[in-house]
Amino acid sequence: MSRLILLVEDDADTADYVLKGLREEGFTVEHAADGRGGLYLATASQNGLNTV
């Protein structure tokens, strides 16, 4: 199972909080700050989980 997560979050403080927690748990996280970037990363990567 992949431990790569895509997080799409436009609020910087929320994104930082979630990214920190996921990375502390051992996940590799890609972050996009908007839907366009999220769509690109979602189609370009093989994420195990996408969160919006």
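Things to note:
- Search result, residues across the stretch 1-14 that are in a helix (DSSP H, G or I) and not β-branched (V, I, T): A12, D13
- Of all residue pairs spaced 6 or more apart or on separate chains, those with beta-carbon atoms under 7 Å, a first member in the stretch 19-44 that is within 10 Å of L7 (Cα to Cα) and a second member that is among the basic types (K, R) are V29/R23.
- Any hit, the stretch 15-31, residues being in a loop (DSSP other than H, G, I, E, B), surrounded by 12 or more Cβ atoms within 10 Å (Cβ to Cβ) and at pLDDT 95 or above: no
- For the stretch 32-47, a residue qualifies if it is of a type outside the set (K, R) and surrounded by fewer than 16 Cβ atoms within 10 Å (Cβ to Cβ), and the qualifying residues are A33, D34, G35, G37, L39, Y40, T43, A44, S45, Q46.
The values are calculated or read from the model by the stated rules, or taken from the named source; none is laboratory data. No experiment lies behind these values; they were computed from the predicted model shown. Note that each Cβ is placed from the backbone with ideal geometry, even for glycine, and that neighbours are counted across all protein chains shown.
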